[in-house]
Every structure is written in C-alpha cells, then in structure tokens.
1. Please state the Cα pair-distance histogram of region 325-379 with 10 angstrom bins from zero: what percent is in each bin?
2. Using only Cα atoms, find the angle between the long axis of helix 7-19 and the longest principal axis of the chain, and express it within 0 to 90 degrees, rounded to the nearest 10.
3. When a footprinting reagent is the concern and you count Cβ atoms within 10 Å, what order do 149, 85 take, fewest first?
4. Quick check: Cα centre of region 89-140 to Cα centre of region 47-65, how many Å?
5. Under a 10 Å cutoff between Cα atoms, tell me which one of 25, 319, 302 has the largest fluctuation in the Gaussian network model of the chain.
6. Which distance in Å, rounded to a whole number, links the C-alpha centroids of region 318-379 and region 172-238?
7. List the relative contact order of region 233-378 as a percent without decimals, with contacts defined as Cα pairs under 8 Å and 6+ residues apart.
8. At q = 0.07 Å⁻¹, what is the base-10 log of I(q)/I(0) for the chain according to the Debye formula with one equal point scatterer per Cα and no solvent? Please give it to two decimals.
Ligand code: CAA
C-alpha cells in the first residue's frame, strides 16, 4: 500500500480541514448543547461535494476514491462527530448501495440528488429485535401485483427525521430466513410511512436518530433495490463500507482528544510547571498518539482494499473495532488530563468522550466486528 497521498486526496483533506476549522469547530459545542441538526452545514457539505465523495460524477458525486472520503470524514469528525455521522450515513449507507445495486433509473432518480447533497438519506435496518442479529427482520413486505406492502417498525435510524429517501429492509418470505429479506427505496411522504419517536442520546446529539414506522406502506416494485431476497447481502456489503466511515469518525474524535490534551497540558501549570513536563501526562499522550496512528493506518488500509475492488469485510471490521476502542480510550485519557475541568461541560473533551462511545456500538458493535474478523480468519 502506498502511504503517500495523491494531489486529489490532499485536496479533499485540506478542503475538509479548512471548512471544519472555520465553519464547524466554532459552533460544534453549541450544536451539541442544543441537540440541533446542522441543516446549514449539511447543505454546505453538499456544495463541497462531500455528500457523495466516492460516487462517479455522472451520478452527482465527486468521482473520488474511498481514501478521499476517509480523509475528509476524519477532518469533519475532528470538529463535530455529529455532522460526521450525517455525512457518513449519506455517503456509505445510502449512496453506496444505490450505486452498487441500483438500476440505472434508480441511480438517476435517487442517487444523483443524494450524492449532490440536494437530498438526504437514511439506512433503516435496525429493529427492536434485530440489532446485532440483523437477519431477524420482523418488518414484512407483502407482494401485491406491482407493489410491496411494508409493515413494521425500525429504530435508532440515523438521519431518519430529516431524510428524503430511506433504504428500508423487510422480510418478504420468512421461510427463506435471511434469503427472504429485500431492500426498498422509500420516499418521504409515502402514505403509511412516518417518523416515530425521536431519541435523546448520550452523544452525537446534533445528529438525529428516530423510529420509522411503516403501516401498510405501498412501495412500487421498481423501488426494490437489487433482486428479491438480496436484501441481507446488500445490508452486509453496505455495512462493510459504512464501517470504514465509522473508523474514520473514531480516528477524528481520538485526534480531537489528543490535540486538546496537548494544548491543555502545555498551558496548565501545577506544582510550578506545565503538566506536560510530567511523565505521567507524557505517557498518556504518547499512547494516544501511537494508537491513533495505528487506527488511521488500519482505516486507510481498509479504504485502499475497497478502492482496489477486493473483498474488505475483515479490513473494515478491524479498522472500526480498533479505531472505536482507541477513540473511547482517548476520551477517557483526555478527561483525565483535563482533571476537574474535563468533567465540566465548559470544555469540549466531555463531548468527544460522549461522542466516542457510539462508535463502539453503531454499524455493528465491537463484539460483532470480532465475529466478522473471526469468521473471516476461520473461513
Ligand atoms: N457481504 C456480502 N454478503 C455477506 C457479508 C458481506 N460482508 N456478510 C455475510 N454475507 C452473507 C453470507 O455469505 C451469507 O450468505 P449465504 O446464506 O448465501 O451463504 C449470509 O450473508 C448470512 O451470513 P451470516 O450467516 O454470516 O449472517 P449472520 O446472520 O450470522 O450475521 C452478522 C452476521 C455479522 C452478525 C450480521 O448480522 C451483522 O453485521 N450484524 C450487525 C448489524 C449492524 O451492523 N447493524 C448496524 C445498523 S445500521 C447503523 O448502525 C447505522 C447508524 O446508525 C449510523
């Protein structure tokens, strides 16, 4: 793997860093406090080409590679992980499956406005009894002529309250188990399709997560994504890419913890000297920095393998597993370095700590990542 960045990759990184520093970082704490969805920021991300980075220009995307996506996402998440997840869901959980499995008409009609950032998407897989066990879909799809009738409840769906287009998974033939699951493109405003309870969360508070309720929701047959019964594989293949995005998010959060800790350790004076001069602090900084570099390399590698077109389930699971766990550890260390101030809401490290936690949970818990890795080792 060539570790040097191409001109295009450097440009994505710089553009994202400049935008994040100037426009996002100054308002991130306020967005978190208010739990306000950053509509104006998401619109600008679209204008920068950040809502469909790895989608070809012909379908409204930036036509770049996954490495560019990872680089941009890390910078955005360093400033605001809430904004980062809005961006990552649209890129990897919505645009990607539409590009990989959509018909040309579906790409033209749905992918293009999503990749341009004119519309926002969400990925509706989780249910009350289908979290880690994603194949246990209880939402049903009944075929009636040229339509499917969908019934069920999805939960914890990131972007759902604002989404114009949802990728919804449902069981069309229970006797076939996971091979009966289908994926559908459901438009906002479809009768029988509505947003339910909007969740209050520990972190990533400026992103929204809610229920999606389907009650005799009729979806035309042309909105079936991929083949009938292909839904579970579409979900799994999509999550392989999504997990690289969450790994990049975790690296961004961990880097934010390290940057804040270094600044603070140099300023904070105790026992007559900056606390950065104490070995206890230096070792924490050294461990954080080393782990971040390792997580970043795993993330780049997963993106590299995906860009090459090889199977990357193991690589993305490893990147997400490691990056999310070191982001959480970085959050704990950053609060420790800040001491009492770190525990107060006036300093941003508590936000990084709260935001880091979800990276160990969504798009497959750390335990699920270990299952994916072990499965691949033993195959
Ligand atoms: N790509 C393509 N196909 C795949 C695949 C992949 N990565 N992984 C599995 N499959 C296929 C298998 O080949 C198998 O196909 P066949 O039956 O034809 O042989 C089929 O899928 C079933 O595979 P498994 O038996 O391995 O499936 P399982 O039921 O044991 O589940 C699991 C495996 C890894 C635990 C999976 O259920 C899983 O990933 N669970 C976690 C779900 C998850 O990540 N949810 C996140 C929700 S979205 C979200 O969080 C978004 C957000 O908020 C930001």
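Read-outs throughout are calculated quantities, based only on the coordinates presented, and are distinct from any laboratory measurement. Every value quoted in this text rests on a predicted model; they were computed, and no experiment measured them. Reconstructed Cβ throughout: ideal geometry from the backbone, glycine too, with neighbour counts over all protein chains shown.
1. Result, from short to long distances: 25, 36, 22, 13, 4 percent.
2. Helix 7-19 sits roughly 70 degrees off the main axis of the chain.
3. Exposure proxy ranking, most exposed first: 149, 85.
4. The two parts, judged by their Cα centres, are 16 Å apart.
5. 25
6. 27 Å
7. Normalised by residue count, the contact order of region 233-378 is 33 percent.
8. Evaluating at q = 0.07 Å⁻¹ gives log10 I(q)/I(0) of -0.30.
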